Amino acid sequence: MRNYKFWLFLGILFIGGIAWFGITTTVSSYAYAQQPTVAIPTVTSSPFGPMITVNQDQEQIHVRSGPSTIDYPIVGILQQGEKVPALGRSVGGDWIKIAYPTVEGGVGWVYAYLVTVSGGELPIVEPPPTPTPKVTPTIDPTLAAQLVINLAPTRMPTFTQPGPVEMPKYTQAPQVSVAGGLPMGFIIIGLAVIGLFGLMISLFRGR
């Protein structure tokens, strides 16, 4: 009885092993059959053609929608040392058209003196049309009327001719004299001499 159970157990193990081997072999064969038989091409990102590189003395530069700092807005930036494909240049050579996929149209413009061009000559390309303002500014006539100040006309002052100026006339002062016809100067000098004489007499007496 024990031998029967032993051989039955061995038989079950044998059949299970064969089944497992068959399943794994089938799965491996199917996976191998799904593998491609040709080489898969790889995508390389090696740039070719003209390139621009942001100069090392620039931390970052602006990318504009056209070749002007006034007529075209800023659409992005490039960092120091960043390289992008160059597509052309402006007529004067001051601006360079680059590939910039993150904006509408996929192109932008950078100032030529902030980057270094390498990889070949750049063709001259036409600039894009300048953007038009979305809203045209208008003036509210009611508000404008409130700001208008109407000043009443004033009469200008008239000039009146002044009358003639009368200059005063001075007459010579009459000479003062005492009775007897002596001038006043002689009298003053005589009094001074008398006073001086009296002073000298006083000094001699005091000695």
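The values are calculated or read from the model by the stated rules, or taken from the named source; none is laboratory data. On a predicted model such as this, the values are computed, not experimentally measured, just so you know. When we count neighbours, we look across all protein chains shown, and the Cβ atoms used for this are built from the backbone with ideal geometry, even at glycine.
Please determine, by comparing only the residues of region 72-104 that are free of Cβ contacts under 8 Å to residues at least 24 places away in the same chain and of a type outside the set (Val, Ile, Thr), which one is nearest to MET51 (Cα to Cα).
Residues of region 72-104 that are free of Cβ contacts under 8 Å to residues at least 24 places away in the same chain, as a first pass: 74, 77, 92-93, 99, 101, 104.
Adding the requirement that they be of a type outside the set (Val, Ile, Thr) leaves 92-93, 99, 101, 104.
Working: GLY92: 19, GLY93: 15, ALA99: 10, PRO101: 15, GLU104: 21 Å.
Going through the qualifying residues, I end up with ALA99.
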Checklist entry - From the set of residues in region 153-187 that are out of contact with any strand residue (DSSP E or B) (no Cβ under 8 Å at 6 or more places or on another chain) and surrounded by 10 or more Cβ atoms within 10 Å (Cβ to Cβ), which is modelled with the lowest pLDDT? => result VAL178
